[in-house]
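To start, the structure itself, in structure tokens.
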Amino acid sequence: LFSCSSDDDNATPASLNGKWAMEKSYIIFNNEIINDQTEIHVHNCSSSKDYIQFNENTTTGLEREYYESCNSYDDDFTYTVNGNNVMMNFDEYEWDATIYEITNEVLKLQDNTASGFGRIFEYKKIN
């Protein structure tokens, strides 16, 4: 769906499709990352990571969070993409995000719901 600029014209474009494990988040102010405000995401289950999944060839996805018992909570969503903007519609809320960065291994989504201060969420691709 998206690609980042690259000097390598033969590179495979990065895609939202797949599973992305939550790794950390950054506080931003006026579109600048405040480096001393990085927060590492704590995965409650020692054997599984919380993730978001964008299903291939559809506009559906899944957000999965694990408890300490390693039981999971799933939240299905639909999504639309318009340029670098991704609108995710969950049962009880919407999340408007911008793709801040995407590679074949890292996805950073910027939350568009706040003005001034905001947050960027960083995910790593998992199998």
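Every residue in region 118-127 that is assigned to a strand (DSSP E or B), at pLDDT below 95 and open to solvent by 60 Å² or more (accessible area, probe 1.4 Å), please.
Of everything in region 118-127, just one residue is assigned to a strand (DSSP E or B), at pLDDT below 95 and open to solvent by 60 Å² or more (accessible area, probe 1.4 Å), namely ARG119.
Find all pairs meeting these conditions: Cβ atoms under 9 angstrom apart; at least six residues apart or on different chains; first residue within region 64-93 and on the phi > 0 side of the Ramachandran plot; second residue of a type in the set (A, V, I, L, M, F, W, C) and assigned to a strand (DSSP E or B).
If the second residue must be of a type in the set (A, V, I, L, M, F, W, C) and assigned to a strand (DSSP E or B), the pairs left are GLY83/ILE99.
Which of (1) open to solvent by 50 Å² or more (accessible area, probe 1.4 Å); (2) closer than 14 Å to ASP111 by Cβ; (3) of a type in the set (Asp, Glu) is the odd one out, the single condition ASP96 does not satisfy?
Unmet for ASP96, out of (1) open to solvent by 50 Å² or more (accessible area, probe 1.4 Å); (2) closer than 14 Å to ASP111 by Cβ; (3) of a type in the set (Asp, Glu): (1).
With the requirement that a residue be at pLDDT below 95, part of a strand (DSSP E or B) and either surrounded by fewer than 18 Cβ atoms within 10 Å (Cβ to Cβ) or in contact with a Cys (Cβ under 9 Å, 6 or more places away or on another chain) (or both), what does region 102-117 give you?
Matches in region 102-117: ASP111, PHE117.
What single numbered condition from (1) at pLDDT below 80; (2) within 14 Å of the chain's Cα centre (by Cα) fails to hold for HIS41?
(1)
Of all residues in region 98-121, how many are touching a residue at least 24 places away in the same chain (Cβ under 8 Å) and hydrophobic (A, V, I, L, M, F, W, C)?
Looking only at that region, the number is 6.
The values are calculated or read from the model by the stated rules, or taken from the named source; none is laboratory data. It should be emphasised that the depicted structure is a prediction, and the values quoted were computed from it without experimental measurement. When we count neighbours, we look across all protein chains shown, and the Cβ atoms used for this are built from the backbone with ideal geometry, even at glycine. Ligands, DNA and RNA are stripped out before the accessible areas are found, and what is left, the full protein with its side chains, is counted by its heavy atoms. Shrake-Rupley method; radii C 1.70, N 1.55, O 1.52, S 1.80 Å.
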